[in-house]
Structure formats: C-alpha cells, structure tokens
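Report on the following structure.
The values are calculated or read from the model by the stated rules, or taken from the named source; none is laboratory data. Everything quoted here is computed from the prediction, not taken from an experiment. When we count neighbours, we look across all protein chains shown, and the Cβ atoms used for this are built from the backbone with ideal geometry, even at glycine.
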Amino acid sequence: MKTLKFKLYNHKRNRHLKCIVNASGTIYNHCIALHRRYYRMWGKHLNCSKLQKHIAKLRKRNPSWKTVDAQAVQDICQRIEKAYQLFFKHRDKGVRPPGFKKVKKYKSFTLKQNNYKFLGENRVKICGRVYQFWKSREIEEKIKTVTVKRTPLGEMFMFVTVDAPSEPTVKVETGKSAGFDFGLKTFLTTSEGFSIDAPLFFKQSLREIQKANRELSRKQKGSHNRERARKNLVRRHEDIVHRREDWFWKLAHWLTDRFDVLYFETLNLKAMQRLWGRKVSDLGFRSFLQILEWVAQKKGKVVAYIDRWFPSSKTCSGCGYVLDELDLSVRRWRCPSCGSENDRDENAAINIKQVGASTCGRGKVSQAQPAFTV
Ligand SMILES: [Zn+2]
C-alpha cells in the first residue's frame, strides 16, 4: 500500500467538501459522547458494530449527516475503535482515550468504494460533484481509498491509497554499507568518518515561528487580524515542513547513492525526549526515515534496524568493552581496556554498523526490502 497526495484546486465548490468534513466532525463528537454515556451506564466498552448500526440509523434522519457517505461514517466509527484499542493496550504507558475535537479543526473524511470517480484528465467526482486537481502523477494502480483532507489554511487535498505492486528491483552497486546515529547537534553521524549537520534553516525557522506566535498572541480574539496572524503562523509551519522535507529527500538520495545497506537504531522517541529534554519531533527523524525507506525501496537498497537495547554509545567499537555509565555531556572517551579514543557519536555509528551487519542477516533485513540478497 502506498499513498499519493494531490491538491484540489481552490474553488468555490470546495465549500461542499468542507461541509462534509464539518459534518464528519460532528458525527465523530457524537460517537465519542455515545461511547462515554454507554460506559457510564453499563460499565463496558461500546462495541464497534453496535455503534455503527446506531449511527447509520441516526444518519438517515439527519439531513446534514446524510451529506457524509455511509462508508465514510463507518470509517469514523472504526477510527474511534482503533484509538480505543490503542488506549486499552497501552493505558499504563499514559495513552489517553480518544476525546472530543473541535469541528473547525476536524480534518478529513475517507471514502472506500463508492462516491468517488476519476473522470479522466484531472477531474474527479466526489460525493456527486466534480472537482479538479493538480495531477502530479498518473494513478495506474488499483485504488483502495480516497481521503479528502482540509489543511489549517483551508486548502483541500486528496490522498489516494493504492495497492503497491512489489517492485523487486535488486541492485548492488556500491557494495558498501554504513551505520548511522541521529544526534541533536549533528543530524547524522556515520560510521564512515563523516557526519551530516542539520542545515541552518532548522534554527532560523524556529525563531520565525516564535515571532509569528508572539504576533498571534497579541491580537484580539475573534478579530480579523487574529485570523490573519493565525494563517501566517500556519504558513510558517508549512514552509518549514516543506523545506525540511526537501532536504530530507535530497539527503536520502545522496545516501542511497553511496551505500547499499544502511543501518539505524530503532527510533525510541520517548527515550530521546527524556534524554534531550525537548521536542525531538521537531527534528523529524521519523519522517526522514520514512522518506529514506521509500527512496531505498525504489532504488533496491536496504534500510535495516538494530535492536534498540544495544548500548551503542557505551560500547567501545574497537574491542567491545562496555562502560557502566556514560554521561550525555561526554563527547569523547578513552577506552579503559584497549586505550583507543572514541568520539561518542562516531563510535555509536560504527557499533550500529557492526551489530547490524552481524545480526540483520538475510532473513532479518525485512523492514524495507525483503527481496534483497547479498
Ligand atoms: Zn576498547
């Protein structure tokens, strides 16, 4: 499965789509309220099919709900069910049950089989009306779902998930592999003796956002100026995301051109947050890995992950000696066993490569490219 993203042209007609998104939001909140009431009354979880039946009945009586496709309504119930299952499974880890959402901020609805049709060229019929979109690529695969999404700026996008035919394009070009370690100051440290700094705009944009935030908080609530400031802030955020992604794509291509197998540690964002004490999600490690996996798959390269419990920083890459403790502030350390001097990040990257090469054997290099053979 993969997801293709298309932008729908701005048009007055788009307000119909926005109405559907709003109605979906109302239905969503209604479902949440039902779940809570049911639990208060019976002391158990309201099961998904019961909810779906009930909501389907309500939908028939309510004209604004009827604008939402029946399967899209089912999809809302299923999304809530998923969120509850996640909550049941991980509640001891602090996962919260799904809650109410502001209708204004509600984002999307999903169509499964009905109520959309691609009419050729760049036209698509969604819920009875024809819209045009920017056709950035052909859709040749079989379509599974179509999701219409509203961004905070009020632009509309269409996400099409399709069956991805597996393309086993196996290429061994460079014969090289490398280990990588994410960091705060240097974005990536490699086992091959060089590192990749995060570009300056990471920091610059942080300042821009802070400024836009201040502007927004100064404006009077409900005023036009405030709405303008809000949009400005959203644009700043989007701008950063775009620039960062652009850089990620370029970096992913650059790396996959140089290496056949790329080893990483399994991301543990929670632990990173504890260690570094700030929003790690800002740095976008996760989205970088997604992009890298995608590019790697296209090019027949492999992204493999080593066990997150391996003490990659504390182990000497020269002799395998493991330190008891290594403070975060220590950037270099001397191995008490073999006497070699280790740079913290580079040492970790080398370890990741070594462990990766020995444990991620043929069977286990499954994450990105199962068809790969060395
Ligand atoms: Zn050593």
Kindly indicate whether any position in region 185-200 is surrounded by 14 or more Cβ atoms within 10 Å (Cβ to Cβ) and over 30 Å from ILE352 (Cα atoms). no
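Run down LEU51, LEU46 and say which single residue is more than 25 Å from the chain's Cα centre (by Cα) and in a helix (DSSP H, G or I).
Working: LEU46 fails: in a helix (DSSP H, G or I).
Exactly one of LEU51, LEU46 is more than 25 Å from the chain's Cα centre (by Cα) and in a helix (DSSP H, G or I), namely LEU51.
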Among (1) touching a helix residue (DSSP H, G or I) at 6+ places or on another chain (Cβ under 9 Å); (2) in a helix (DSSP H, G or I); (3) at pLDDT below 90, which single condition is ARG79 missing? (3)
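Quick check on my filter: what residues within region 279-324 are among the hydroxyl-bearing types (Ser, Thr, Tyr) and over 12 Å from GLU265 (Cβ atoms)? Can you show your working first?
Within region 279-324, the first condition is being among the hydroxyl-bearing types (Ser, Thr, Tyr), and the residues that meet it are 281, 287, 305, 312-313, 315, 317, 321.
Within region 279-324, SER281, SER287, THR315, SER317, TYR321 qualify.
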Only listed residue being in the same structural domain as TYR116 (by TED's automatic domain parsing) and over 21 Å from THR147 (Cβ atoms), chosen from LYS66, LYS60, LYS82: LYS60
Taking region 18-67 and keeping residues surrounded by fewer than 15 Cβ atoms within 10 Å (Cβ to Cβ), among the aromatic types (Phe, Trp, Tyr) and closer than 24 Å to CYS127 by Cβ leaves none
Kindly provide the set of residues from region 311-330 that are within 19 Å of THR190 (Cα to Cα) and away from the ligand (no atom under 16 Å from the Cβ), ordered by number. LEU328
Looking at ALA304, ALA348, which is the one that is within 16 Å of the ligand (Cβ to nearest atom), modelled with pLDDT of 85 or more and either surrounded by 13 or more Cβ atoms within 10 Å (Cβ to Cβ) or closer than 19 Å to SER177 by Cβ (or both)? ALA348
Sole exception among (1) assigned to a helix (DSSP H, G or I); (2) touching a residue at least 40 places away in the same chain (Cβ under 8 Å); (3) surrounded by fewer than 16 Cβ atoms within 10 Å (Cβ to Cβ) for ASN213, by number: (2)
Flagged in region 331-345 as within 12 Å of the ligand (Cβ to nearest atom), within 24 Å of PHE194 (Cβ to Cβ) and out of contact with any Phe, Trp or Tyr (no Cβ under 9 Å at 6 or more places or on another chain), in numbering order, are TRP333, ARG334, SER340
